[in-house]
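Chemist: One structure, pasted below without further comment.
The values are calculated or read from the model by the stated rules, or taken from the named source; none is laboratory data. What you are looking at is a predicted structure, and each value in this text was computed from that prediction instead of being measured. Positions of Cβ are generated from backbone atoms using ideal geometry, with glycine treated the same way; all protein chains shown enter the neighbour counts. The accessibility values were calculated without ligands, DNA or RNA, using every heavy atom of the protein model including side chains. Shrake-Rupley method; radii C 1.70, N 1.55, O 1.52, S 1.80 Å.
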Amino acid sequence: MAKNTTDVRRYPGFFSFTILCLFLLYTPLIIVTIYSFNDSKSITTWGGFSFRWYQDIFYGLEAAKFKTAAWNSISIALMAGITATVIATSAAIGMIRGEPFKGKSLSFGLINLPLMVPEIVSAVATLIFFSAIGFTRGYMSILLAHIVFCIPFAYLPIAARLEGIEKSYEEAAIDLYATRWKAFTKVLMPLMAPGILSGFLLAFIISLDDFIITNFVKGAGVETLPTAIFGSVKQGIKPNIMALSTLMLLVSIFFVSLSYLINKLGERTGDKQS
Amino acid sequence: MSAPIAPLNAKKNPNAGVFDGIGLWLLSPSWIVIGVFLLLPVFMMLIFSFLTKEFRGGVIWEPTLAAYDQFLFDRGLFGDEPPTIEWTYITIFARSIWQAALATLFCLIIGFPTAYYIATRSARSRSVWLFLITIPYWVNLLIRTVSMKFLIRDTGPLNQFLMSTGVIDSPIHIVNTNFAVQLGLFYSYLPFMVLPIYAAVERYNFALSEAAWDLYADRWTTLRKILIPVVKPGIIAGCILVFVPSLGAFLAPDLLGGAKTFMIGSLIEEQFKGNAGNWPFGAAASMILLSMVLIVLMFYARQQTRAQAGAR
């Protein structure tokens, strides 16, 4: 656009800041990934490349502990993710397609409340609640707490997707004598699928990642991967923890990329031509 | 608008949408789950903050102001001395605000140019840059904090690198300092600063900058006088998104800091761990933290409405 004149958009040095930003964000992660392949008992000196710490997570002394923790983490993330996605899908249709009513913004606030309350406050409140009603802390209390904070994470991409779909699709279905349920399952849901899927994936990762709330409501004996790692790290960073961290890092990146790609593909088959 | 001319199965109101009338039913599961498992617990926490502590954790159902009193006043070991101001907890709160504010400032210094740079790329490369910025956010916060600790330890790769290149002779102690905590908070929430500023700059009309340019303003005057005032709502949103979680952060101060860098998050956590805890006091500290966050959010909401009114 600018031929001979200077480009007013360009600020010299901003590019270096961007590179610095990415450098700061990624260096610690890359360093830990590299050191997880370190064939040495000491985490400070480099002793050559090896997979021994990965072997250690699966077959070493702490393998049983990690396996139970991984199973708890994954099963809770799956169930919390699915439940939150169902609730969020229903809520998104109610908010965006339902009749207007007083207090709609209040309802939006309530759905997003878990994002506004500081995590540690949610953790304390949930612990107090479970203890006051005499609910035994353990697997179930973790699951319930996770469903709550997964709802807004699932809601946002689902609602964004639904807002981009024209009403005429489901109206056409109704005009062709479909029941409301059929109009949802056969017409609206397939159109919403990318949003629903990426909402589920985000909820799944958020549940898998949570430490603070889990740490408060888990009770004795039940561990998820983050609480197990925290307990271990408190006694010093060990090389097997770095291998475990690297694996979890890869899982998170895999699911986020998947969610990103699904959204991208969904955009291409988007409906609202503006 | 898109109402069919004459629907065959003539509904009562041809303008009504398919899901009209059941909206509240569809919303109710989310209201019930969040209401019962978050809103109600917050109210119970408020009640607990006015109860008497039991020595092995938990509470006795006797109303008292002891928790808030303990927060503000020192009445001696047996509680019979004339009250003096208790600075311990006020200091912890003031330190938390200070640390969170510094972390927010660092995030702004790095985040603003980054967001601006990304927003002025082509649409195609923009989404790639944004994706690169968001990935670390989705990586487990615990793992990121542990990675940071590993990197900056006395015998960690950073010190080894600096010593091998001869920049320093002996390792710099970073872990357990205030700076380590600020660095950890900065690292935890940096993406939160970039995203809202990016969104604001993307909507910015560059004709304004060109007009300033034509009127002989230089680059930096244009930035200061035109761009920053216009994208201010995005900058404020970014600052709040970093400041609020930093204020109540637990992992960064706990793993990267020491006893001298104690923050609100650790203070609260301590009240609920083991037998030494004091539940009403922990609930009171949580209530104070929550009130502070709500004040910041209300300020933000007012700011945004004013910005919208100004845009009209």
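Chemist: Other chains' Cβ within 10 Å of A:149-157 residues: what's the mean? All intermediate terms of the calculation are to be shown ahead of the outcome.
Modeler: On the way: counts 3, 0, 6, 2, 0, 0, 1, 0, 0.
Partner-chain Cβ atoms within 10 Å, mean over residues of A:149-157: 1.
Chemist: Compute the orientation-averaged projected area for the range A:165-274 from the convex hull of its Cα atoms and round it to one decimal in nm². Don't skip to the end; give the middle numbers.
Modeler: Values: hull surface 41.2 nm².
Its average projected convex-hull area is 10.3 nm².
Chemist: So, one more: Can you give the alpha-carbon Rg of the range A:138-223 over 2.2 N^0.38 Å, where N counts its residues?
Modeler: Working: Rg = 17.6 Å, N = 86, 2.2 N^0.38 = 12.0 Å.
That ratio works out to 1.48.
Chemist: Rounded to the nearest whole Å², what accessible area per residue is found for the range B:87-271 with the 1.4 Å probe? Please report the intermediate quantities before stating the final value.
Modeler: Working: 7530 Å² over 185 residues.
Using a 1.4 Å probe on heavy atoms only, each residue of the range B:87-271 averages 41 Å².
Chemist: Could you run the numbers on buried accessible area between A and B, total for both chains, 1.4 angstrom probe, in Å² to the nearest 100? Let's see the in-between values first.
Modeler: Values: alone 16960 and 19970 Å², together 27810 Å².
Result for this pair: about 9100 Å² buried.
Chemist: Report in % the part of the accessible area of chain B that belongs to carbon and sulfur, leaving out ligands and nucleic acids; probe 1.4 Å.
Modeler: Working: 10300 of 15430 Å².
Answer for chain B: carbon and sulfur cover 67 percent of the accessible area.
Chemist: Still on this structure, please answer the following. Give the peptides A:243-254, B:234-245 in descending order of average Cβ contacts within 10 Å, highest first.
Modeler: Values: A:243-254: 19.8, B:234-245: 22.6.
Averaged packing, sorted descending, gives the order B:234-245, A:243-254.
Chemist: Just the C-alpha atoms of chain A: what Rg/Rh do they give, with Rh taken as the Kirkwood radius? Working shown, then result.
Modeler: On the way: Rg = 23.3 Å, Rh = 21.9 Å.
Computed over Cα atoms, the ratio is 1.06.
Chemist: Let me ask something additional. How far apart, in nm, are two points set 7 Å out from the Cα along the Cα-to-Cβ line at B:Ala301 and at B:Ile22?
Modeler: My value for the distance between the label points is 3.2 nm.
Chemist: Where the Cα atoms of the range B:87-271 are projected onto their three principal axes, how long is each span, largest first, in whole Å?
Modeler: Between the extreme Cα coordinates on each principal axis of the range B:87-271 lie 56, 44, 30 Å.
Chemist: Moving on to the next point. Report the percentage of all Cα-Cα pairs in the range A:27-179 whose separation exceeds 26 Å, rounded to a whole percent.
Modeler: Numbers: 6312 of 11628 pairs.
So the pairs more than 26 Å apart make up 54 percent of the total in the range A:27-179.
Chemist: Which three lengths, in whole Å and largest first, does chain B cover when its Cα atoms are put on their principal axes?
Modeler: For chain B, the Cα extents along the three principal axes come out at 78, 71, 36 Å.
Chemist: Shielding by partners for A:15-23, please: the mean number of other protein chain Cβ atoms within 10 Å of each residue's Cβ. Intermediate values should be presented prior to the final figure.
Modeler: Numbers: counts 3, 2, 9, 12, 2, 3, 14, 6, 0.
Per residue, the number of nearby Cβ atoms from other chains is 6 on average.
Chemist: Could you pull out every whole DSSP H run in chain B that spans at least 30 Å of Cα extent along its own axis and averages -1.0 or higher on the Kyte-Doolittle scale? Working shown, then result.
Modeler: Values: long enough: B:87-119 (45 Å, 1.24); B:178-203 (37 Å, 0.95); B:279-311 (47 Å, 0.91).
Both cut-offs are met by B:87-119, B:178-203, B:279-311.
Chemist: From the Cα trace of the protein assembly as shown, what convex hull volume per residue do you get, rounded to a whole Å³?
Modeler: Working: hull volume 122.6 nm³, N = 586.
Normalising the Cα hull of the protein assembly as shown by residue number yields 209 Å³.
Chemist: May I ask for the distance between the Cα centers of the range B:14-72 and the range A:70-133, given as a whole number of Å?
Modeler: 13 Å
Chemist: To continue, here is another question. Among A:196-202, A:220-226, what's the highest-first ranking by average C-beta atoms within 10 angstrom per residue? All intermediate terms of the calculation are to be shown ahead of the outcome.
Modeler: Details: A:196-202: 24.9, A:220-226: 19.6.
The packing order, highest mean first, is A:196-202, A:220-226.
Chemist: To continue, here is another question. Please sort A:109-119, B:209-219 by packing, taking for each peptide the average over its residues of neighbouring beta carbons within 10 angstrom, highest first. Before the final figure, lay out each step's value.
Modeler: Details: A:109-119: 19.4, B:209-219: 14.2.
Result, highest mean first: A:109-119, B:209-219.
Chemist: Also, quick follow-up: Rounded to the nearest angstrom and ordered from largest down, what semi-axes does the equivalent ellipsoid of the range A:1-81 get from its C-alpha gyration tensor (root of 5λ)?
Modeler: Numbers: eigenvalues 392, 102, 14 Å².
For the range A:1-81, the ellipsoid semi-axes come out as 44, 23, 8 Å.
Chemist: Around A:Phe216, under 15 Å between beta carbons, what's the net of Lys plus Arg minus Asp minus Glu among the other residues? Mind showing how you got there, number by number?
Modeler: Numbers: positive: A:Arg137, A:Lys218, B:Lys273; negative: A:Glu119, A:Asp210, A:Glu223, B:Asp254, B:Glu269, B:Glu270.
Once all neighbours under 15 Å are counted, the net charge is -3.
Chemist: Quick one: which bits of the range B:96-118 get at least 30 Å² less accessible when the partner protein chains are in, versus the chain alone, with a 1.4 Å probe?
Modeler: In the range B:96-118, residues shielded by partner chains: B:Ile110, B:Pro113, B:Thr114, B:Tyr116, B:Tyr117.
Chemist: Quick one: what do you get for the range B:83-139 if you divide its Cα Rg by 2.2 N^0.38 Å? Spell out each step's value before the answer.
Modeler: Values: Rg = 18.7 Å, N = 57, 2.2 N^0.38 = 10.2 Å.
Rg over 2.2 N^0.38 Å, computed on Cα atoms: 1.83.
Chemist: I've got another one for you. Can you tell me the accessible area per residue over chain A, all protein chains present, probe 1.4 angstrom, in square angstrom? Walk me through the intermediate numbers first.
Modeler: Values: 12380 Å² over 274 residues.
Using a 1.4 Å probe on heavy atoms only, each residue of chain A averages 45 Å².
Chemist: Most fluctuating residue of B:Ala259, B:Ala249, B:Ala100 in a GNM of chain B with Cα springs under 10 Å: which is it?
Modeler: Largest GNM mean-square fluctuation: B:Ala259.
Chemist: Separate question: Quick one: among A:Trp53, A:Trp71, A:Trp181, which has the greatest mean-square fluctuation in a GNM of chain A with alpha-carbon springs under 10 angstrom?
Modeler: A:Trp181
Chemist: Please give the residues from the range A:226-244 for which the solvent-accessible area of heavy atoms, probe 1.4 Å, is smaller by at least 30 Å² with all protein chains in place than with the chain isolated.
Modeler: With the partner chains in place, the range A:226-244 has these residues losing at least 30 Å²: A:Phe230, A:Val233, A:Lys234, A:Ile237.
Chemist: While we're here: What residues of the range A:58-98 lose no less than 10 Å² of accessible area with every protein chain in place versus their chain by itself (probe 1.4 Å, heavy atoms only)?
Modeler: Output list: A:Ile87, A:Ser90, A:Ala91, A:Ile93, A:Gly94, A:Arg97, A:Gly98.
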